[in-house]
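Notes follow once the structure below has been shown.
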Amino acid sequence: MATESSESEEEGKIRGGNDKLIIEEDLREMSKNAAWSVSSCKPGNGVTTLRDDNLETYWQSDGLQPHLINIQFQKKVKLQLVVLYVDFKLDESYTPSKISIRAGDGFHNLKEIKSVELVKPTGWVCLSLSGTDPRETFVNTFMLQIAILSNHLNGRDTHIRQIKVYGPRPNPIPRQPFQFTSMEFLTYSTLR
């Protein structure tokens, strides 16, 4: 799996972050297949800034907490990892401190699957959606909601610079235990 941000002794607290985004090859980004919406935003700092691959831009909420980011898919997808880029050094009181991740079929039945507390994060923060059971390596859902419940220094609005959502990469050949990467290997992958 991706390199997990350094977790403290207390469960659910994440300190720091990673300067570089390192994702394993067996994961693929699912964000482009989704419809994104936010609960509120300042003019010029909307939902498009979450997806523009520019760490200098950011989504800024506008209004009361919780601030919500909704990610909706047309069909049920398997999701394994949510990665946020936040910067406490630049954003200070705008930096999220408590985040809840919820999943479901739509707005009517979202259930919390992960709750984390961020302690002065700077960089990429990886949040695994795996459950406590080792067999639960992903979440199968139509919708993911990221709720910012509170900010550092009791800030009201929030800044998030980037969000990426990853799921397992499908095997190109059904019932084939190996993932071959070249056409030559695929040609000789079946025994007669």
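Per the Kirkwood formula applied to alpha carbons, the stretch 39-83 shows a radius of gyration over Rh ratio, Rg over Rh, of 1.02.
Its Cα gyration tensor gives the stretch 1-124 an equivalent ellipsoid. The semi-axes, each the square root of 5 times an eigenvalue, are 21, 20, 16 Å from largest down. Of the whole protein surface, Lys120 contributes about 120 Å² of accessible area at a 1.4 Å probe radius. The accessible area of Glu29, taken with all protein chains in place and a 1.4 Å probe, comes to roughly 50 Å².
Note on exposure: Thr158, Thr137 ranked by accessible area (1.4 Å probe, complete protein assembly) read Thr137, Thr158, with the most exposed listed first.
The values are calculated or read from the model by the stated rules, or taken from the named source; none is laboratory data. Computed from a predicted model, the values in this text were never measured in an experiment. All accessible areas refer to the heavy atoms of the entire protein, side chains included, with ligands and DNA or RNA removed. Shrake-Rupley method; radii C 1.70, N 1.55, O 1.52, S 1.80 Å.
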